[in-house]
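Q: My questions will all concern the structure given below.
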Amino acid sequence: MPALDRNLLHRFGLLLVILLVGLALSLWTDTFLSLANFTNVARQVSINGILAVGVTFVLLTAGVDLSLGSVVALSGVACATFAHPGEYSVFVPIAVGLLTGTACGLVNGVLVTRGGVAPFIVTLGMMTIARGLALIFSGGRPVANMSNELTALAGDIWGIPIPVLCFAGVAFVAWYFLRNFRLGRHIYAVGGNENAARAAGVPVERVKLLAYGLCGLLTGLAGVVLAARITTGQPNAGQAYELDAIAAVVIGGTSLAGGVGTITGTLLGVLLIGVINNGLDLMGVSSYYQAVIKGVIIVGAVWLDRRQARS
């Protein structure tokens, strides 16, 4: 295949797949092309999208974060605990949720950079710790009675869901940061060749810490948005969220080996998974089969990533 054709396929192939899947679903179902369904898809993918943007930073540094789902639950519980009517301003529970996620991300980053522990092990441990803390702080029960000001974050502005606006804002800021800031270029450099980046004067440990901290911050945001959407801080929320987020990022072209990837690709990966999930729901496919299909998509995405890395 000529180089030009290969480049075009690499840039627009995923978008073409999304269009083909959408076309197939529009033929198989009567409701896929409705405005209400498009709004529903956008609302559904917003939380996974925020998580995917966050974990993109980590994957670009050749790391990984398996604690996303548990940190979402912990951040949601922390947020809901301070969100009872009449107790605090709405900014307090939001700040608590964001700080909780950021703290978890920074702990991951410190253990990876200062402790020298593999990211897989560190974040696997954080996954268990955060889930346990969520259960401890909530007493194993959902934290309810949240204020209307906070639950309004799951509402709409001018007909556009607020979670979708949050996702769009996060994606734009992340895209601009990676494209235009020196620290953004450092993230790519660290993931591409850590030793070369260190020799060039890049503060590798600080860059990795920044990546995990940003991932934690956005995970906390996802926890706050989810708590507002389900109107409770649910300690069992976020089960397997990390799988969907990482799958979306890898499908979008970010390499597990680090140094390669874009926020635009992540957006397309998130959209593809959201469209597939929505289509399977509309067709009445059992959740058991949906889990199998998701697993195949994840394995296929990793296989393609490895194949491209060898080529």
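Q: Would you work out which of V58, W158, A199 lies farthest towards the positive end of the dipole of the chain, given +1 charges on the beta-carbon of Lys and Arg and -1 on that of Asp and Glu, about the Cα centre?
A: Final value for the positive-end residue is A199.
Q: So how strong a dipole does the chain carry about its Cα centre when Lys and Arg Cβ are +1 and Asp and Glu Cβ are -1, to the nearest 20 debye?
A: 800
Q: Given the rule -39500 (n - 2.57) for each run of at least 4 DSSP H residues, summed and divided by the residues of the chain, what is its mean residue ellipticity at 222 nm, to the nearest 500 deg cm²/dmol?
A: Helices in the chain give a 222 nm mean residue ellipticity of -25000 deg cm²/dmol.
Q: Right, here's the next one. What FRET efficiency would be calculated for the residue pair L27, E149, taking the C-beta separation as r and a Förster radius of 45 Å, to the nearest 0.05?
A: That gives a FRET efficiency of 0.55.
Q: Separate question: Step by step: find N for region 146-267, compute 2.2 N^0.38 Å, then divide the Cα radius of gyration by it. What's the final number?
A: 1.24
Q: Assuming R0 = 35 Å, what is the FRET efficiency of V17 and D156, from their Cβ-Cβ distance, to the nearest 0.05?
A: E(calc), rounded to 0.05, equals 0.75.
Q: Can you give the alpha-carbon Rg of region 34-310 over 2.2 N^0.38 Å, where N counts its residues?
A: 0.98
Q: What size of dipole, in debye to the nearest 20, comes out for region 117-219 about its Cα centre when the only charges are +1 on Lys and Arg C-beta atoms and -1 on Asp and Glu C-beta atoms?
A: 340
Q: OK, next. Could you list Y88, Y176 so that the one with the fewest beta carbons within 10 Å of its beta carbon is first and the one with the most is last?
A: Neighbour counts put them in this order, fewest first: Y176, Y88.
Q: So, one more: Rank by packing, highest mean first: peptides 121-132, 138-149, 39-50, 95-106, with packing defined as the count of other Cβ atoms within 10 Å averaged across residues.
A: Result, highest mean Cβ count within 10 Å first: 95-106, 39-50, 121-132, 138-149.
Q: Moving on. With just the Cα atoms defining each centre, how far is region 11-59 from region 270-304? Give it in Å.
A: Value for the Cα centre distance between the two parts: 11 Å.
Q: Another one. Based on alpha-carbon centroids, what's the gap between region 66-81 and region 135-166 in Å, whole number please?
A: 13
Q: Can I ask one more? Put +1 on the Cβ of each Lys and Arg and -1 on the Cβ of each Asp and Glu in the chain; which of I187, V296, G253 then has its Cα farthest toward the positive end of the dipole?
A: My answer, from the dipole projection, is I187.
Q: Moving on to the next point. Relative contact order (percent) for region 234-300, with alpha-carbon contacts under 8 angstrom and 6 or more residues of separation?
A: After rounding, I find 27 percent.
Every number here is computed from the coordinates shown, using simple stated rules; none is lab data. Nothing here was measured: the structure is a model prediction, and the numbers come from that model. With ideal geometry, Cβ positions are generated from the backbone for all residues, glycine too; neighbour counts draw on all protein chains shown.
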